[in-house]
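S.K.: Got a structure here, written out as C-alpha cells. Questions coming.
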Amino acid sequence: MTHLNYGLQWGSFEFDLDDGEDRYFQTINIEGASLTRAMLLNMLHFALDVMDDYYPGVMRIINADADPEETIELLKSRQPAANDSTSEAQARQ
C-alpha cells in the first residue's frame, strides 16, 4: 500500500492486517472557509472514482493473483477515468 500511496495527492489507501479491510480516505484543509454541500459531494465523488480506478488491481494484489510491482505500475501509468471499461479491463489483467 505504501508504494501505491506514493504520488497520490489527496488521500491514501489503508489495509487492516487484522481483518483484511481495505479503505481509501482523503482529507481537505478548509481553514478559513466553511464546508459546503458541494465541497462534500466533490470529495465523495473523487474518493469513489479513486476506488473505482484502483480497486480491481488492489484486490488482485491482496489475493496474491498478481505481481504487486507490475500491477501498481500499471495502475499509476494510466489516466484515471470514471466508467472507463478499458481502464478497468487493463487493471484486471
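S.K.: On the principal axes of its Cα set, how long, how wide and how thick is the stretch 1-78? Give whole Å, largest value first.
M.R.: 44, 31, 18
S.K.: Determine ³J(HN,Hα), in whole Hz, for all residues of the stretch 26-36 in sequence, where each value follows from phi through the Karplus function 6.51 cos²θ - 1.76 cosθ + 1.60 and θ = phi - 60°; x replaces Gly and Pro.
M.R.: Karplus values, whole Hz, x for Gly and Pro: 9, 10, 8, 9, 10, 3, x, 9, 10, 5, 9.
S.K.: Using amide H atoms built in the peptide plane, which far-off residues or other-chain residues are under 5 Å from Ile28 H to H?
M.R.: It is none; the list stays empty.
S.K.: Across the stretch 62-74, in residue order, what do the Karplus-derived ³J(HN,Hα) couplings come to in whole Hz, using 6.51 cos²θ - 1.76 cosθ + 1.60 with θ = phi - 60° and x for Gly and Pro?
M.R.: These are the phi-based 3J(HN,Hα) values: 4, 7, 6, 8, 8, 6, x, 5, 5, 5, 5, 4, 4 Hz.
Read-outs: derived from the displayed coordinates by stated rules, not from any lab. Remember, predicted model here, so these are calculated numbers, not experimental data.
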